[in-house]
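Worksheet: one structure, shown below.
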Amino acid sequence: MSTTALDDRRILAIVTNYGVEQDELVVPVKHLRAHGARVSVAAVSADGIRTLVGDRDPGETVRPDLTLDDVDPAAYDLLLVPGGTLNADSLRLEDATTRIVSSFAASGRPVAAICHGPWALVEGGYVRGKTLTSYASLRTDITNAGGTWVDKPVVRDDAAGWPLITSRNPGDLDDFLGEIDAVLDES
């Protein structure tokens, strides 16, 4: 992983208040903050975020910095969309999620989604023409939405004028974070 200082970088992580996979939120946030990035975690409400481990066991509770409705996407350099089945399934139904993803894609800023996180991009129509990976159960959804699904630890696709970084699961976090560091180093 890169050790480049990210002091001037602002990262936005979007989640619901229940069901996000603990390590897919906590590990990237800690990594990015340790490298100097200012990371904001936005949730549906201001209540604590109850993470899960393996989609079933209780994990850490994380305090959000703001709500999805209060997010100004233009203030951030990269969007992080963690997974967790329950989180991602609910997150994609939030109007604010589509608004936020749309802002990043339209302006050419990177989006990084892991595990079930790409559902937010499928819902908004942002995987068409992209090659990406995810948790294997999303393969049909991605393909039906016009994307190409591959089974790799990390995939970066710069098609359509914006970088999309995707990974399959928490086991791929080192590769995922390495690619996030690389895209932030470039911009």
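Considering only residues that are farther than 11 Å from G117 by Cβ and in contact with a helix residue (DSSP H, G or I) (Cβ under 9 Å, 6 or more places away or on another chain), look in segment 73-88 and name the one that is surrounded by the fewest Cβ atoms within 10 Å (Cβ to Cβ).
Of the residues in segment 73-88, the ones farther than 11 Å from G117 by Cβ are 73-78, 86.
With the extra rule that they be in contact with a helix residue (DSSP H, G or I) (Cβ under 9 Å, 6 or more places away or on another chain), the set shrinks to 73-74, 76-78.
Values: P73: 19, A74: 9, Y76: 22, D77: 18, L78: 24.
If we take residues in segment 73-88 being farther than 11 Å from G117 by Cβ and in contact with a helix residue (DSSP H, G or I) (Cβ under 9 Å, 6 or more places away or on another chain), then A74 is surrounded by the fewest Cβ atoms within 10 Å (Cβ to Cβ).
Looking only at residues that are within 19 Å of V20 (Cβ to Cβ) and aromatic (F, W, Y) in segment 105-136, which one is nearest to the chain's Cα centre (by Cα)?
For segment 105-136, the residue satisfying everything is W119.
Please work out which one of (1) among the basic types (K, R); (2) over 18 Å from V44 (Cβ atoms); (3) out of contact with any strand residue (DSSP E or B) (no Cβ under 6 Å at 6 or more places or on another chain); (4) touching a residue at least 24 places away in the same chain (Cβ under 8 Å) is the condition R99 fails and give its number.
(2)
Which residue pairs have Cβ atoms closer than 7 Å, lie 6 or more positions apart in sequence or on different chains, and pair a first residue in segment 52-64 that is closer than 8 Å to E21 by Cβ with a second residue that is part of a loop (DSSP other than H, G, I, E, B)?
These pairs meet every condition: L52/G84; D55/G84.
Name the pairs whose Cβ atoms lie under 7 Å apart, with the first residue in segment 126-146 and part of a helix (DSSP H, G or I), the second small (G, A, S), and 6 or more positions between them or separate chains?
I142/S134
Scanning for something in contact with a Lys or Arg (Cβ under 9 Å, 6 or more places away or on another chain) and either among the aromatic types (F, W, Y) or without any contact (Cβ under 8 Å) to a residue 12 or more places away in the chain (or both), does segment 82-95 turn up at least one residue?
Checking segment 82-95: not a single residue is in contact with a Lys or Arg (Cβ under 9 Å, 6 or more places away or on another chain) and either among the aromatic types (F, W, Y) or without any contact (Cβ under 8 Å) to a residue 12 or more places away in the chain (or both).
Quick note: the coordinates plus some simple rules give every number you see, no bench work behind them. The model shown is predicted, which means the values in this text are computed figures rather than measured ones. Ideal geometry is used to build each Cβ from the backbone, glycine not excepted, and the neighbour counts take in all protein chains shown.
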